[in-house]
Amino acid sequence: MLTPEQRAQYQRDGFIVLPNFKSLEEIAALRRRAEEIVDAFDPNESRAIFTTRDQERASDDWFLGSDNTVRCFFEEEAFGPDGQLRQAKALSINKIGHAMHDLDPTFERFTHDPKLAAVARDLGLENPQVWQSM
């Protein structure tokens with residue numbers, strides 16, 4: 001599936017870009033599903049903020065317990081001083097994670113695509129695994 005040049009780029013850079021690897025329809029399905037997950041999420045369930053700057057803040061029970069579920073995490077500035085969202089919920093979410101590839105059928109189909117397995121084989125990965133999805 002990959003050209004020798006693409007394999008060499010991966011070896012050199014640690015990544016490759018594969019334009020049109022996924023169809024516009026497949027990408028649109030992920031976006032729709034992500035919107036559904038956010039729409040269904042109740043901000044009163046958790047006000048967890050995701051940040052890479054303050055690890056202690058990012059490591060609350062909601063975050064640490066998200067390894068085997070699908071959860072939403074807010075932007076750092078999502079809430080005002082009054083504790084209310086500053087803008088629409090959909091614009092306040094930083095990420096959705098972490099087991100989407102195992103627990104959500106739309107994300108599972110996208111992730112476990114045989115084409116992706118073929119790329120992994122072409123890159124020489126002996127036992128490729130998906131550990132988290134966001």
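The values are calculated or read from the model by the stated rules, or taken from the named source; none is laboratory data. Nothing here was measured: the structure is a model prediction, and the numbers come from that model. As a convention, Cβ positions derive from the backbone with ideal geometry for all residues, glycine included, and neighbour counts pool all protein chains shown.
For segment 70-101, which residues satisfy the criterion of being in a helix (DSSP H, G or I) and more than 12 Å from the chain's Cα centre (by Cα)? Within segment 70-101, Lys89, Ala90, Leu91, Ser92 qualify.
If you go through segment 102-134 and keep only what is buried (at least 16 other Cβ atoms within 10 Å of the Cβ) and part of a loop (DSSP other than H, G, I, E, B), you end up with just Asp104.
Could you say which residue among Ile16, Ile27 is in a loop (DSSP other than H, G, I, E, B) and closer than 21 Å to Ala118 by Cβ? Checking each option against the conditions leaves just Ile16. Scanning segment 57-94 for residues that are within 14 Å of Ser133 (Cα to Cα) and either modelled with pLDDT of 95 or more or of a type outside the set (A, V, I, L, M, F, W, C) (or both) yields Ser66, Asp67, Asn68, Thr69, Arg71, Asn94. When the residues of segment 33-44 are filtered to those that are touching a residue at least 24 places away in the same chain (Cβ under 8 Å), more than 13 Å from Phe110 (Cα to Cα) and of a type outside the set (A, V, I, L, M), the one that is surrounded by the fewest Cβ atoms within 10 Å (Cβ to Cβ) is Asp39.
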